[in-house]
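Please read the structure below before turning to the comments.
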Amino acid sequence: SLPCPRFNFYTAPVGAHKSRSMPSLLRWIQVACAAASLLVDEEPEDVAWRALKPSLNPATVSGKPKVAFAFMLYDGFDHDAVWKKFFEAADPSEYTLSIHLKDVNSGLHRDAFWAKHMVQPGPTSWCHMDKTRLRMARDIYKDPQVTQLIWLSGDSIPLKPFKQVYAAYAHSQHSQFCVDEQHNRSEMWAVWNRRHGMLFSDHEAEMRSLFKGVFLCEDEDLYLNAMRKMGLDEEMEKVCPMWTNWGPKKGFMYNQAGERLRGPGCGEKKNYNPMGGEPAHPNTFMSVCAKGIEELVQDHRAFFARKFDKTARVVETGEHLGEYLKKLL
């Protein structure tokens, strides 16, 4: 395959909003080239990657299945109260919890409820959290009971009680990816079946070699394409476990339901747009309508949702969103 042009993209810290100096045309040239390269299956690295498939172990576990929850936080939980209720209602034998905190001075360490689940901080930046995530995954899979690994963000909320989440995932043999077919990528907030997660974490070097010389937003590009190059399409579900309200030109599935969180006289959202043109981030809700959040909770497709500001309130009642959700769950 022809090599893609390599440009010097900046790496921004999580939470930072900067502009890329690269003109839009050059950026899209590389995106198109990278997408084309991902479809070529004739490189030696591709052959070696596919050769691993017969050696993959089935997703067998020892003992009662567990669901792993892995949080990638900047300075804490934006909706701490509802997450505490979620886990307080859980059977400790049915889950494991791992928390990565970027801002080690945020004070979350002083909260005994969360502190015991924190992991050693590692490098994280926008699009490039993969090294730390794979290290976390390797540690999580040391527990032979873990069947599924769910990735979650600090601005996320649960939309279903723990028992419902456990029933949906504990015995599943599939991974879930929220896919953007137009750009051949998926959101990083995915669910990894044990078989697939161990493939990524145990064969990190081989997986990275598939995309050498190609600029990647690893968190979105790496895992979906590694699955496809392995021929594992039938073992993944193209669904979005984490509901997100992207703009209309973004290709991620199930991204246009956000208007129901708004209504006459209620609901406010905004979007950070650091790169110009189409917003690079999904909409952040500053407030929501009660009926909208209730409908989202009842939606069978959505187990979690993200991009709700830590100050977000339900307009009709004035309650903080987390406190309102505690009553619904």
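The values are calculated or read from the model by the stated rules, or taken from the named source; none is laboratory data. What you are looking at is a predicted structure, and each value in this text was computed from that prediction instead of being measured. Quick reminder, even Gly has a Cβ in these numbers, built from the backbone with ideal geometry, and neighbours come from all protein chains shown. Each accessible area value is taken on the protein alone, full model and side chains, heavy atoms only, with ligands, DNA and RNA left out. Shrake-Rupley method; radii C 1.70, N 1.55, O 1.52, S 1.80 Å.
Can you pull out every residue in region 291-311 that is open to solvent by 10 Å² or more (accessible area, probe 1.4 Å) and either outside any loop (DSSP other than H, G, I, E, B) or in contact with a Gly (Cβ under 8 Å, 6 or more places away or on another chain) (or both)?
Those that are open to solvent by 10 Å² or more (accessible area, probe 1.4 Å) and either outside any loop (DSSP other than H, G, I, E, B) or in contact with a Gly (Cβ under 8 Å, 6 or more places away or on another chain) (or both): LYS291, GLU294, GLU295, VAL297, GLN298, ASP309, LYS310, THR311.
Would a scan of region 187-201 turn up a residue that is surrounded by fewer than 17 Cβ atoms within 10 Å (Cβ to Cβ) and touching a residue at least 40 places away in the same chain (Cβ under 8 Å)?
No; the residues of region 187-201 include none that is surrounded by fewer than 17 Cβ atoms within 10 Å (Cβ to Cβ) and touching a residue at least 40 places away in the same chain (Cβ under 8 Å).
All but one of (1) outside any loop (DSSP other than H, G, I, E, B); (2) of a type outside the set (Val, Ile, Thr); (3) surrounded by 18 or more Cβ atoms within 10 Å (Cβ to Cβ); (4) at pLDDT below 65 hold for PHE252; state the number of the condition that does not hold.
Answer for PHE252: the failing condition is (1).
So that you can scan it fast, the table gives a plain yes or no per residue for (1) modelled with pLDDT of 80 or more; (2) open to solvent by 30 Å² or more (accessible area, probe 1.4 Å):
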{"position": "ALA34", "(1), (2)": "no, no"}
{"position": "GLU42", "(1), (2)": "no, yes"}
{"position": "ASP46", "(1), (2)": "yes, no"}
{"position": "ARG50", "(1), (2)": "yes, yes"}
{"position": "SER55", "(1), (2)": "no, yes"}
{"position": "PRO58", "(1), (2)": "no, yes"}
{"position": "LYS64", "(1), (2)": "yes, yes"}
{"position": "ALA70", "(1), (2)": "yes, no"}
{"position": "TYR74", "(1), (2)": "yes, yes"}
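For region 79-196, which strands (runs of 3 or more DSSP E) that fit wholly inside it have 2 or more residues that are of a type outside the set (S, T, N, Q), within 17 Å of VAL61 (Cα to Cα) and out of contact with any Leu (no Cβ under 7 Å at 6 or more places or on another chain)?
Ranges flagged: 146-153.
Quick check on this structure: which one of GLY322, GLY258, GLY277, GLY263 is buried (at least 16 other Cβ atoms within 10 Å of the Cβ), over 30 Å from GLU43 (Cα atoms), at pLDDT below 90 and over 16 Å from the mean Cα position of the chain (by Cα)?
On inspection, the qualifying residue turns out to be GLY258.
Have a look at VAL239, VAL288, VAL314 and point out the one that is touching a Gly at 6+ places or on another chain (Cβ under 6 Å), modelled with pLDDT of 80 or more and either open to solvent by less than 10 Å² (accessible area, probe 1.4 Å) or more than 14 Å from ILE157 (Cα to Cα) (or both).
VAL288
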